[in-house]
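Notes to accompany the following structure.
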Amino acid sequence: MTKPGEKSAQTRRSMSPTIDMAVIPVAGHGTRLLPATKSQPKEMLSVGRKPVVQYVVEELAQSGIERMLFVTSRGKHSIESHFDTDESLTQYLRTTGREELLADLAFERKAIEYFYTRQRRQLGLGHAVLCAESLIRDQPFVVALGDSIIGVHAQSDIVQRMKELFVKEGVDAVVAFEEVPREEVFRYGIAQPKDGEAETFELADVVEKPSVQDAPSRLAVAARYVFSPRIFQMLHATPPGKGGEIQLTDAIRQLIQRGHRCLGVRLRPDEPRFDIGNFESYFQTFVEFALADREYGPALRQYLLARLVKPSSPPE
Ligand code: UTP
């Protein structure tokens, strides 16, 4: 049987490097969204009409990613089921005369290969990426967090731009960044650009969750990465950091410290990052996407406008 890494090894010899594989870590506990995530993955929570992870896959597909490798854990089976074709549902919709609904299932038939591996213990994002090592082997690859959508309805080509830069510059990592308010820097990995904060810039350092006073910039790591396989060596050498977890940011830091070039790319203002990992941003993301819904958005806007002028009931 051909492993995901083997297909590309052949292709790479005959062509310039093709980056067509993404690792999507979805193994986290999602404790900040309890009880919603007690028995369902946070990555399957609905934002408007679709689960979060479907937006992630659709965004990656439009940036030329054809092979998706999910790093999963206990209780995440619904992700696998979501991307399977469901012939009995298709048949049911046909026999009950609701063919128009089949368009909503078109994603099932995209020419994408799905692979799944398990992270047995939740030892952090860096560890989740390391779980993909034997499948990725010696090819460059994308990492896309399964709980973050880029752009309203995932209309972003950030991964395509990052892939192009990675190949053109021959670097070991390209990381997406989003400018955040200074008082929020302590939540993210923060860039220290080498010289200036242009649209693309070289990284001098990246610091996990710095204090507001110590943060070297307001540029926060934004859930999308392109790596050479050298990142695995760094992850093996990365001890547990903040929270006892193996941090991906610490491994990027090691790349830089050992003299390997790493670049940053800023998200454009029209492609904000929606992180659904906590209730505040999940609620905001849901409202944003529901308002942008072609069919129901305008009526929801009217409802909200009317609702917001009425006195509200006390919060729970
Ligand atoms: P988070 O940092 O939000 O962690 O993960 P979490 O465990 O999912 O959530 P909380 O903090 O308990 O609320 C960012 C992404 O990395 C994945 C998550 O599934 C999410 O998509 N992740 C995180 C893993 O795959 N494994 C881990 O050990 C940690």
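The values are calculated or read from the model by the stated rules, or taken from the named source; none is laboratory data. Note that this is a predicted model, so its numbers are computed, not measured. Methodologically, a virtual Cβ is constructed for each residue, glycine included, from the backbone with ideal geometry; neighbour enumeration extends over all protein chains shown.
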*Count, please, the residues in region 201-227 that happen to be buried (at least 19 other Cβ atoms within 10 Å of the Cβ), within 24 Å of Leu130 (Cα to Cα) and small (Gly, Ala, Ser).*
3
*Mind checking whether some residue in region 193-200 is touching a residue at least 60 places away in the same chain (Cβ under 8 Å), buried (at least 21 other Cβ atoms within 10 Å of the Cβ) and of a type in the set (Asp, Glu)?*
no
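Of all residues being part of a loop (DSSP other than H, G, I, E, B) and under 19 Å from the mean Cα position of the chain (by Cα) in region 223-247, which is farthest from the ligand (Cβ to nearest atom)? Just the residue, please.
First, the residues of region 223-247 that are part of a loop (DSSP other than H, G, I, E, B): 228-229, 237-241, 245-247.
Then keep just the ones that are under 19 Å from the mean Cα position of the chain (by Cα); that gives 228-229, 245-247.
Details: Ser228: 21, Pro229: 19, Glu245: 6, Ile246: 8, Gln247: 10 Å.
Within region 223-247, the match that is farthest from the ligand (Cβ to nearest atom) is Ser228.
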*In this structure, does Val206 turn out to be touching a strand residue (DSSP E or B) at 6+ places or on another chain (Cβ under 8 Å), modelled with pLDDT of 95 or more, at negative phi and not in a strand (DSSP E or B)?*
no
*Pairs where the first residue, in region 221-232, is within 12 Å of Ala176 (Cβ to Cβ) and the second is small (Gly, Ala, Ser) and within 15 Å of the ligand (Cβ to nearest atom), C-beta under 6 Å, 6+ apart*: Val221/Gly189; Ala222/Ala176; Ala223/Ser148; Arg224/Ala144; Arg224/Ala176
*Search result, residues across region 248-258 that are within 16 Å of the ligand (Cβ to nearest atom) and not in a helix (DSSP H, G or I)*: none
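Please indicate, with yes or no, whether at least one residue in region 274-289 is on the phi < 0 side of the Ramachandran plot and more than 22 Å from the chain's Cα centre (by Cα).
Of the residues in region 274-289, the ones on the phi < 0 side of the Ramachandran plot are 274-289.
This time we only want the ones that are more than 22 Å from the chain's Cα centre (by Cα), so: none.
No: zero hits.
Kindly indicate whether Val129 is buried (at least 16 other Cβ atoms within 10 Å of the Cβ), more than 25 Å from Gln233 (Cβ to Cβ), in contact with a strand residue (DSSP E or B) (Cβ under 8 Å, 6 or more places away or on another chain) and modelled with pLDDT of 95 or more.
Working: buried (at least 16 other Cβ atoms within 10 Å of the Cβ): yes; more than 25 Å from Gln233 (Cβ to Cβ): no; in contact with a strand residue (DSSP E or B) (Cβ under 8 Å, 6 or more places away or on another chain): yes; modelled with pLDDT of 95 or more: yes.
Taking the combined requirement at face value, the residue does not satisfy it.
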*Using the structure shown, decide if Phe115 is at pLDDT 95 or above and crowded, with 22+ Cβ neighbours inside 10 Å.*
no
*Looking only at region 4-24, decide whether some residue is within 16 Å of the ligand (Cβ to nearest atom), at pLDDT 90 or above and within 21 Å of Phe289 (Cα to Cα).*
no
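Against the definition (at pLDDT below 95, surrounded by fewer than 17 Cβ atoms within 10 Å (Cβ to Cβ) and under 30 Å from Leu203 (Cβ atoms)), how does Arg98 come out, yes or no?
Values: at pLDDT below 95: yes; surrounded by fewer than 17 Cβ atoms within 10 Å (Cβ to Cβ): yes; under 30 Å from Leu203 (Cβ atoms): no.
Against the criterion (at pLDDT below 95, surrounded by fewer than 17 Cβ atoms within 10 Å (Cβ to Cβ) and under 30 Å from Leu203 (Cβ atoms)), Arg98 does not qualify.
Only one of Arg187, Arg137, Arg161 is among the basic types (Lys, Arg) and surrounded by fewer than 16 Cβ atoms within 10 Å (Cβ to Cβ); which? If you could, list the steps in order and put the result at the bottom.
Details: Arg137 fails: surrounded by fewer than 16 Cβ atoms within 10 Å (Cβ to Cβ); Arg161 fails: surrounded by fewer than 16 Cβ atoms within 10 Å (Cβ to Cβ).
After ruling out the rest, the residue left standing is Arg187.
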*Scanning for something assigned to a strand (DSSP E or B), within 17 Å of Tyr188 (Cβ to Cβ) and within 15 Å of the ligand (Cβ to nearest atom), does region 259-269 turn up at least one residue?*
no
*Hey, does region 265-273 have a residue that's over 18 Å from the mean Cα position of the chain (by Cα), closer than 25 Å to Ile19 by Cβ and of a type in the set (A, V, I, L, M)?*
no
